[in-house]
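The values are calculated or read from the model by the stated rules, or taken from the named source; none is laboratory data. These numbers come from a predicted model, not from an experiment. In this analysis, Cβ positions are derived from the backbone assuming ideal geometry, glycine residues included, and neighbour counts consider all displayed protein chains. Areas reflect the complete protein model, heavy atoms only, side chains present, ligands, DNA and RNA absent. Shrake-Rupley method; radii C 1.70, N 1.55, O 1.52, S 1.80 Å.
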Protein chains: 2
Amino acid sequence: MSGTNRFMDEALAEAKAAGERGEVPIGAVVVMDGRIVSRGGNRTRELNDVTAHAEIVAIRMACEELGQERLTGADLYVTLEPCTMCAAAISFARIRRLYYGAHDPKGGAVENGVQFYAAPTCHHVPDVYAGLSETASAEILTEFFRARRD
Amino acid sequence: MSGTNRFMDEALAEAKAAGERGEVPIGAVVVMDGRIVSRGGNRTRELNDVTAHAEIVAIRMACEELGQERLTGADLYVTLEPCTMCAAAISFARIRRLYYGAHDPKGGAVENGVQFYAAPTCHHVPDVYAGLSETASAEILTEFFRARRD
């Protein structure tokens, strides 16, 4: 899947902002009824919280915003393939559609790793659209790690 | 593994307290240097947060208490086999030893489901001790769901 999308552009903006805060640059937005209900970037270092990945930050904010535990009917856009923790959280939140940018062979859990959505212990499977703004999503990460090495 | 343990007893107390709040009764404690640094029960309903499982509540509190992102050297006691999300969060937090009570064929991710700690995308594997206070841990859950059905 290629092409761009305004919601993925917003997730990319969150990724860039995270990188500027010294966090691994990954961003996410939650969309409900065509409207962004939350935006999140990686905040693990800032919050001393290993669970504060972009997806979980955005899901928590959306639930708080909407006053509900689940996000049935909502879509999530994230710049990197979700990890095992986030793939499960996305399922628990009943996200309808998951759009992501770059693939993550090392830590991903959708097409890589444990492929959680294909597991019998996964009780809600979102529709998955991978590779949206893939190049831009990957470049933000590559640039960040290159700069950190230098 | 059988037998009881005072830290698992504390996790069981957290599970009971969660059930009294109307949450699925699962409890966890984080132990560092022989001292409990945090206790957590399931709070998904109270907080409208699908990620507020006992393990994640306890891990986040421990990180906040200690002012650090990782819990290297800490042990986690939890009454139920961790789910996919929590198994990954436990790995990310660098938990040294994971002790759990009841097995969870439907949602677990340690010996069941995706068996995350055996996956190549898992980059830190805790030592796992399963079945500690297994009967008591399972009975709290069985009782809770029986009472809810009635």
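A few comments on the model shown:
- Residue selection: B:His103 fails the criterion of being closer than 23 Å to A:Glu46 by Cβ and open to solvent by 10 Å² or more (accessible area, probe 1.4 Å).
- Note on the range A:99-119: residues that are facing chain B (nearest Cβ under 9 Å) and touching a Phe, Trp or Tyr at 6+ places or on another chain (Cβ under 8 Å) amount to 2.
- Cross-chain or 6+ apart pairs with Cβ under 7 Å, the range B:8-29 first and in contact (Cβ under 8 Å) with a residue 12 or more places away in the chain and of a type in the set (D, E, K, R), then open to solvent by 10 Å² or more (accessible area, probe 1.4 Å) and part of a helix (DSSP H, G or I): B:Lys16/B:Ile140; B:Arg21/B:Glu46; B:Glu23/B:Thr44; B:Glu23/B:Arg45; B:Glu23/B:Glu46
- Those residues of the range A:106-136 which are open to solvent by 40 Å² or more (accessible area, probe 1.4 Å), of a type outside the set (Val, Ile, Thr), closer than 19 Å to A:Met85 by Cβ and under 15 Å from the mean Cα position of the chain (by Cα), in sequence order: A:Glu111
Each row is one residue, and each column tells you yes or no for (1) open to solvent by 10 Å² or more (accessible area, probe 1.4 Å); (2) not β-branched (Val, Ile, Thr).
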site: A:Arg21; (1), (2): yes, yes
site: A:Val31; (1), (2): no, no
site: A:Ile36; (1), (2): yes, no
site: A:Arg60; (1), (2): yes, yes
site: A:Leu71; (1), (2): no, yes
site: A:Leu80; (1), (2): yes, yes
site: A:Ala88; (1), (2): no, yes
site: A:Ile95; (1), (2): no, no
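- Among (1) more than 14 Å from chain A (Cβ to nearest Cβ); (2) farther than 18 Å from B:Tyr100 by Cβ, the one test that B:Gly19 misses: (2)
- If the condition is being aromatic (Phe, Trp, Tyr) and over 14 Å from A:Ile59 (Cβ atoms), then the range A:81-99 contributes only A:Tyr99.
- Summed over the range A:43-79, the residues that are small (Gly, Ala, Ser) and facing another protein chain (nearest Cβ under 7 Å) give a count of 1.
- Within the range B:46-58, the residues that satisfy the criterion of being open to solvent by 10 Å² or more (accessible area, probe 1.4 Å) and either farther than 27 Å from A:Arg70 by Cβ or free of Cβ contacts under 8 Å to residues at least 24 places away in the same chain (or both) are B:Leu47, B:Asn48, B:Asp49.
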